[in-house]
Amino acid sequence: MKSNIVLIGFMATGKSTVGRKLAQNLDMDFLEMDEMIEKKAGKSIPKIFKEDGEIRFRELEMSVCKDLSNSKNSVISAGGGVVLNKLNIDYLKISSKIILLEATADEIYERAIKEGKETRPLIDKPNPRKEINDLLEFRKPFYEAASQYQVQTDDKVTSEIVDEIINLLKINE
Ligand code: S3P
């Protein structure tokens, strides 16, 4: 059984797409943290934010990180805000290597708008571009502190990013 690989990074940096492909290539399971939170809550993320508030969402997120500290052999796509609570990272580090997917604010904005801002409550506001800039600037040091490896994703296709991660893991085995 291999230790988990957790992909962290700002929303719309490709964690799910890359994670799914990485899991396939390494013959590991794929887990989506946001889906695990939705399952626990019995409702979608926009609904959790709207009906129960962000604090409740963060509680559920922490509880999922705790559950994951007992898992193995999975590639996990983490929600963009997982780094804000050090306890989340402490739980994840028990069972996982943590890799940061980075992208510029321009790229994130384009991808997030294409995917639909209403799926992401934190940027579902009148000026999503400003929300992205502000959040990204605030969170950058948290992403860097939480990750063991960093991968730049701008102008790369999924398979290139996956290969880069596999090489990084091989070199550091
Ligand atoms: C969040 C990112 C989302 C989701 C929630 C909060 C954040 O996940 O967990 O809307 O705080 O950045 P993705 O990074 O998968 O969009």
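So is LYS21 more than 15 Å from the ligand (Cβ to nearest atom), modelled with pLDDT of 95 or more and surrounded by 17 or more Cβ atoms within 10 Å (Cβ to Cβ) or not? So LYS21 fits the description; yes.
So how many residues does region 108-123 have that are open to solvent by 50 Å² or more (accessible area, probe 1.4 Å) and either within 19 Å of GLU144 (Cα to Cα) or assigned to a helix (DSSP H, G or I) (or both)? Show your work before the answer.
Residues of region 108-123 that are open to solvent by 50 Å² or more (accessible area, probe 1.4 Å), as a first pass: 109-111, 113-115, 117-120.
Still in the running and either within 19 Å of GLU144 (Cα to Cα) or assigned to a helix (DSSP H, G or I) (or both): 109-111, 113-115, 117-119.
Residues in region 108-123 being open to solvent by 50 Å² or more (accessible area, probe 1.4 Å) and either within 19 Å of GLU144 (Cα to Cα) or assigned to a helix (DSSP H, G or I) (or both): 9 in total.
Quick grid of which residues meet (1) buried (at least 21 other Cβ atoms within 10 Å of the Cβ); (2) small (Gly, Ala, Ser); (3) under 10 Å from the mean Cα position of the chain (by Cα):
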site	(1), (2), (3)
ALA12	yes, yes, yes
THR17	no, no, no
GLY42	no, yes, no
LEU100	yes, no, yes
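Among the residues making up region 26-50, a single one is within 9 Å of the ligand (Cβ to nearest atom) and in a strand (DSSP E or B): GLU32. Restrict the check to region 79-92 and report whether at least one residue is surrounded by fewer than 18 Cβ atoms within 10 Å (Cβ to Cβ), closer than 29 Å to ASP163 by Cα and in contact (Cβ under 8 Å) with a residue 12 or more places away in the chain. So far as region 79-92 goes, yes, one or more of its residues are surrounded by fewer than 18 Cβ atoms within 10 Å (Cβ to Cβ), closer than 29 Å to ASP163 by Cα and in contact (Cβ under 8 Å) with a residue 12 or more places away in the chain.
Quick one: which of PHE57, PHE30, PHE49 is in contact with a Pro (Cβ under 6 Å, 6 or more places away or on another chain) and either of a type outside the set (Lys, Arg) or open to solvent by 50 Å² or more (accessible area, probe 1.4 Å) (or both)? Before you say what the answer is, go through the steps one by one.
Values: PHE57 fails: in contact with a Pro (Cβ under 6 Å, 6 or more places away or on another chain); PHE30 fails: in contact with a Pro (Cβ under 6 Å, 6 or more places away or on another chain).
Of PHE57, PHE30, PHE49, the one residue that is in contact with a Pro (Cβ under 6 Å, 6 or more places away or on another chain) and either of a type outside the set (Lys, Arg) or open to solvent by 50 Å² or more (accessible area, probe 1.4 Å) (or both) is PHE49.
Here's the yes/no breakdown for (1) in contact (Cβ under 8 Å) with a residue 40 or more places away in the chain; (2) open to solvent by less than 70 Å² (accessible area, probe 1.4 Å); (3) aromatic (Phe, Trp, Tyr):
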site: LYS125; (1), (2), (3): no, no, no
site: ASN133; (1), (2), (3): no, yes, no
site: PHE142; (1), (2), (3): yes, no, yes
site: LYS156; (1), (2), (3): no, yes, no
site: GLU164; (1), (2), (3): no, yes, no
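Here the condition is being of a type in the set (D, E, K, R) and within 19 Å of LEU101 (Cα to Cα); of GLU51, GLU32, it holds for GLU32 alone.
The values are calculated or read from the model by the stated rules, or taken from the named source; none is laboratory data. Remember, it's a predicted structure, so these values are computed and weren't measured experimentally. We place every Cβ from the backbone using ideal geometry, glycine too, and count neighbours over all the protein chains shown. Heavy atoms of the whole protein, side chains included, go into the accessibility calculation; ligands, DNA and RNA do not. Shrake-Rupley method; radii C 1.70, N 1.55, O 1.52, S 1.80 Å.
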